[in-house]
Ligand code: FAD
């Protein structure tokens, strides 16, 4: 019989393959990925790996020996270009075809590009894959001034690394504060102060007009005409789900590849999981698409279960982390729709937690250097216990 096929050899694709073996699936299992490496972790790309504190081997999620033992065929450097759902067949970039019995799409996201003049100049870079790292490191070595467009997680993590590297760093953010999309003003303010204390300049509430320099970037011109000098411009304006394969096969795309609670698309035997997929959450009463390791791992597990006929609804308490300098932010839950916040601990002490509520209901907790508060929040949210205030959260630390 035809194999179980997984397209996308990232965090979700690998976890699905592992789970299929774990669940007792012993048929052929093929993992196709268009990057040349074995599956690797992305979070260190903007943290320890970028800093040179982690080698290539430790970046890999599993060594080659694992795939040999588990009988998982990894076809790295292979791009799938078309799916024929009726024939249960996938076409690869070299024109060959591969039949599948069940197919999982775990194609992830790609870095969003900025549609402005000069965005194609040398020195204008994005950070998403291991291949992005060498040019970034080379540029970091060669320049004095670094501009980062976008004050989200990747932009702020990169700012921390570049500042530690001794570069003059400016973060340009269109919104009035950094990390605005996911955290409350107090958390943004805490991280803004942390970066400013390390010498990072923040240009907030300002758009970008164009990138200057030819053929290589020399700076960024802001909407108000201000010029920020920069030989390295990191564009960190978010990611977009890779949905072309799915759309081309007639599958529904709703932000991401639309799946049901059990990771199934509307096409027989085709599933999706990870950054590329949007799913209906009963917990949140709406469709979600999450970009996190938690989601990639847990949704891949659910997809694998469904692929072996053991479907379970996937409806997680999302969690996420970000490391900037020696500060660790950990987020549990989703704060969308909160009407008040409460702080536990003293932000000036460097360790505190901020809880988000809608009425009496706890929605989410952001913990800054407070891992126990984070773990307790995850447990509380999973139990959906009535909220009793942040005083009930474990003290920071
Ligand atoms: P991916 O890991 O993106 O894997 C998808 C793979 O599919 C890619 O290799 C892609 O090339 C491949 N692919 C796509 N189309 C095809 C095709 N047609 N044929 C073959 N292969 C294909 N999350 C956290 O929770 N905490 C963090 O601190 C954190 N930091 C991050 C830092 C950076 C710099 C980045 C980029 C991400 C970070 N994330 C973090 C997010 C996390 O890494 C992602 O959510 C996770 O990797 C998603 O896994 P995935 O398998 O869905 O997608």
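General observations
- Protection proxy ranking of 45-51, 343-349, 161-167, by the mean of other Cβ atoms within 10 Å over each peptide's residues and highest first, is 45-51, 161-167, 343-349.
- Note on residue 197 and residue 227: with the Förster distance fixed at 30 Å, the Cβ-Cβ geometry gives a FRET efficiency of about 0.75.
- Figure legend: label point modelled 7 angstrom from the Cα of residue 28 along Cα→Cβ; residues of region 50-71 with amide N under 20 Å from it are 67-71.
- Annotation for region 184-212 versus region 1-58: alpha-carbon center distance of 34 Å.
- Label-to-label distance, nm, for residues given as residue 96 and residue 210 (7 Å Cα→Cβ offset): 4.7
- Against the rule of thumb 2.2 N^0.38 Å, how large the Cα Rg of region 255-352 comes out: 1.31
- Gap separating the Cα centres of region 64-127 and region 227-243, nearest whole Å: 22
- With the simple spin-label model, which puts each label point 7 Å out from Cα in the Cβ direction, the residue 122 to residue 346 separation comes to 5.3 nm.
- Ranked 61, 103, 362, criterion: other C-beta atoms within 10 Å, fewest first: 61, 362, 103
- Among 130, 149, 116, the largest mean-square fluctuation in a Gaussian network model of the chain (Cα springs under 10 Å) belongs to 116.
- DSSP beta bridges fully contained in region 1-106 are about 40 percent antiparallel.
- Percentage relative contact order, the chain, counting C-alpha pairs under 8 Å, at least six apart: 14
- Cβ-based exposure ranking for 221, 157, 57, in which fewest neighbours within 10 Å come first: 57, 221, 157
- Two-site FRET efficiency, residue 134 against residue 360, from Cβ-Cβ distance with R₀ of 51 Å, rounded to 0.05: 0.50
- Subtracting the Cα-Cα distance of residue 181 and residue 375 from their residue separation scaled by 0.36 nm leaves 67.6 nm.
- A full extension of the chain between residue 65 and residue 254 corresponds to an added length of 64.2 nm, given 0.36 nm per residue minus the alpha carbon distance.
- Of all beta bridges that DSSP places with both ends in the chain, some 60 percent have antiparallel geometry.
- Shape of region 141-245 from the C-alpha gyration tensor: rounded (a/c under 1.5, with a ≥ b ≥ c the square roots of its eigenvalues).
- Gaussian network model of the chain, Cα within-10 Å springs - most flexible of 60, 290, 363: 60
- When the chain is treated as a Gaussian network with alpha carbon springs shorter than 10 Å, the biggest mean-square fluctuation among 14, 127, 194 belongs to 194.
Read-outs throughout are calculated quantities, based only on the coordinates presented, and are distinct from any laboratory measurement. Source: prediction; values computed, not measured. Here the Cβ is made from the backbone with ideal geometry for all residues, glycine too, and neighbour counts use every protein chain on show.
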